[in-house]
Structures are given as C-alpha cells and as structure tokens.
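Each value in this text was obtained by applying a stated rule to the coordinates, not by laboratory testing. In this text, all values refer to a predicted model and were calculated from it rather than measured experimentally. Virtual Cβ from ideal backbone geometry, glycine too; neighbours counted across all protein chains shown.
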Amino acid sequence: MGGLNNETGSTSFLSDKSAKIFVAGHRGLVGSAIVRKLESLGFTNLVLRTHAELDLTRQNDVELFFAAEKPQFVFLSAAKVGGIHANNTYPADFIAVNLQIQTNVIDSSYRHGVRKLLFLGSSCIYPKFAPQPIPEQALLTGPLEPTNEWYAVAKIAGIKMCQAYRIQYNWDAISAMPTNLYGQNDNFHPENSHVLPALMRRFHEAKVRGDKEVVVWGSGSPLREFLHVDDLADACVFLMEEYSGLDHVNVGSGKEVTIKELAELVKEVVGFEGELVWDRSKPDGTPRKLMDSSKLVGLGWTPKISLKEGLVDTYKWYLEYVKQ
C-alpha cells in the first residue's frame, strides 16, 4: 500500500493511485478542481455523486452511501455558498444546510473507516476585525462579519468537529481555509457572483456592446488576495499527503492586489478598450483582507499560478462555457 507518512505513521496518500476517493461537491469550483488534480496525478478510483444522486443533507442517504462504497479518503468541498445578498436573505439555509452536510459526511466517514478526511472552510470564519495578515490563531477571537455569520458559524463547527474526532477517536481529519478563489467553474452570475468573475463578465459584455466606459463600485483602494482554484487543489493534495495536525491551515497566495489593480488587469485580459469609472458613492467593504499562509509555506507548499496567468486561463474558460 505504499510508504508510511512520517508525521502520522499512516500510509502515504499519493502512493496508492487505486485508493477509493470520495470528492463531495465535485461539480463546484473547488470540487471540480480537486477532481482535475487527482485525475492528472493518475488516481483511477474517484467516487463522485451529483446532488440528484446523493443529497448530503439526508443523514440516512449519506449513511447508506458510505456503508456501500467505503471510500478510503474524503475531500469535503460540498457546501451551500453565496454572496452577501444570499447570506442575508437565506440565513436559515446557510446555517442548516452546511451543518447537515458536514455533520453527515464527517460522522459517516469516521464510522465507515475512512482513513483521512480533508474539510474545506473559508476565510470568512475569521473575526471581522482580525489582525492582518490573518493567522490561524485569530479564529474565535472576536465577532464575525454580520453579513455572513450563519455560513461562518457552520464552517467553524466543521473545523471543531474535525478536531473533536481527532481528540476523541484519534481519527485523521484535517481542515483547510482558502482565501478568495477564482478559476474555471466559477459563478459568473450578473447579480450574485464575487468581484473577480463579476468584473470579467462586465468587461466582456461592455467589449461586445462597444461601450465607452465601465462603472465599478467604490474607490478601488481595498486590498484583496486571490488564489487560482487549481493552486488550491494542489494544496489540498499536498495537505492530504503531508499534514495531520489538530489545527486548520490557511491556504492563500500571500499576494495582495488593490481592486483598482485587479480591474485594470481584468480589463487588459478581456481586451476592453474603454474607460474605467469609479463610483465612489458605493461602499468599499473591508479595507484589507489577507491570510497569513506562512504555516503552509513552512510545510513546503507555495502557489504556482500568477494572477495574470490565472485570469487568462479563466477568461478562456469563460469564453468557451459561459458567454451566451
């Protein structure tokens, strides 16, 4: 079954390409990237289920799935996600659905002999006024951002559940918290997508219409960090192989860009020739949001995809699959 992983004394993840791996949420931005990564590494036994085939909020269905399939490794990237508007409108869904998914998957994984599980959270788990860059230790040191606290509380519960099962059962469950992600399979919806895909879509549509200008909200001064989802997938595989600690691990690029710099870059990649106009009457949001990913760097992982390169790749995918 391959060599032993020094830190855990367990079998190496990468050594057995026929190991049965369940990727929960394989159609989403993160799950689809993990599937691409595993396939590129030669893994041949991926277990994938659409929501129609397996509703992860239904405890009995999840139980029967694990009893029948008995996967050896689990990447838990399934979640109900959305922007500020969705979080404010459907708080019950965001807390209940996410708690149900992760409780069912984590508990069934443990009870049906999964060797190792990786739970994926989000940078919104941290307090609204966390120190910058945000270290892992900032968790639970202050109040959350009110607009997404329902989602954040569910994700924090997932981290704590992985820790609890490690403490009580000595079971190998780890958690990773990615920064802002982008890439193929992103959500380019006009109303409820995040800043990067929203900008890409608006510049593209303005280019097609021949518009003279695009208006962007705010001053352009806030700093944000972006990580290509293929880099995250690479980090997830790295952690599955190399890390078995109690604490969650931040996954970021370590590079900040102003919204203005981001907009200029997206404009260039899309090839929009008009002007950028900043609507300063609109809110800027948090001035800075950067993750401290020094723990992951210390373990030996660094991102490989530059923002420019990642944007070119994402726009190519957008042109092929999204623009209608």
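Taken over region 141-286, the convex hull of the Cα atoms encloses 138 Å³ per residue. When +1 charges are put on Lys and Arg Cβ atoms and -1 charges on Asp and Glu Cβ atoms, the dipole computed for the chain relative to its Cα centre reaches about 180 debye.
Of the trypsin sites (Lys or Arg not before Pro) found in region 223-268, the ones in coil according to DSSP and having at most 15 other Cβ atoms within 10 Å of their Cβ are LYS255. Taking all C-alpha pairs of region 247-312, those more than 19 Å from each other amount to 51 percent. Where Lys and Arg each count +1 and Asp and Glu each count -1, what net charge lies around LYS304 among other residues with Cβ under 14 Å from its Cβ? Every neighbour counted, the sum reads -2. Taking all Cα pairs closer than 8 Å and separated by 6 or more residues, the relative contact order of the chain comes to 18 percent. A simple count of charges around ASP107, restricted to other residues whose Cβ falls under 14 Å of its Cβ and scoring Lys, Arg +1 and Asp, Glu -1, yields +2.
Put simply, region 84-218 fits an ellipsoid with semi-axes of 35, 17, 14 Å; these come from the alpha carbon gyration tensor as the roots of five times its eigenvalues, largest first. In summary, the lysines within cross-link reach of LYS304, defined as a Cα separation below 22 angstrom excluding same-chain residues under 8 places away, comprise LYS37, LYS255, LYS289, LYS295, LYS316.
Computed 3J(HN,Hα) for region 198-211, one whole-Hz value per residue from the Karplus formula 6.51 cos²θ - 1.76 cosθ + 1.60 where θ = phi - 60°, is 4, 4, 4, 5, 5, 5, 4, 5, 5, 5, 4, 7, x, 5, glycine and proline marked x. Entry for region 201-324 at q = 0.12, 0.14, 0.22 Å⁻¹: log10 I(q)/I(0) = -0.57, -0.74, -1.25, Debye formula applied to identical alpha-carbon scatterers, no solvent contribution. Taking every DSSP helix (H) stretch of at least 4 residues in the chain, weighting each as -39,500 (n - 2.57) and dividing the sum by the residue count yields a mean residue ellipticity at 222 nm of -13000 deg cm²/dmol. Considering every alpha-carbon pair of the chain, the percent of pairs per 20 Å bin, from zero through the bin containing the longest distance, is 31, 58, 11, 0. Computed over the Cα atoms of region 1-157, the ratio of the radius of gyration to the Kirkwood radius (Rg/Rh) comes to 1.00.
By DSSP, the beta bridges lying fully in region 146-263 are antiparallel in about 35 percent of cases. Less than 5 angstrom separates the built amide H of VAL249 from those of SER175, ALA176, MET177, all sequence-distant by 5 or more or on a different chain. Under the combined filter of DSSP loop state and at most 11 neighbouring Cβ atoms within 10 Å, region 201-278 retains these GluC sites (Glu not before Pro): GLU273.
For SER253, neighbours were defined as the other residues whose beta-carbon sits under 11 Å from its Cβ, and their charges (Lys and Arg +1, Asp and Glu -1) total 0. Taking amide hydrogens as placed 1.01 Å from N in the peptide plane, the amide H of TRP278 sits under 5 Å from those of VAL216, each at least 5 positions away in sequence or on another chain.
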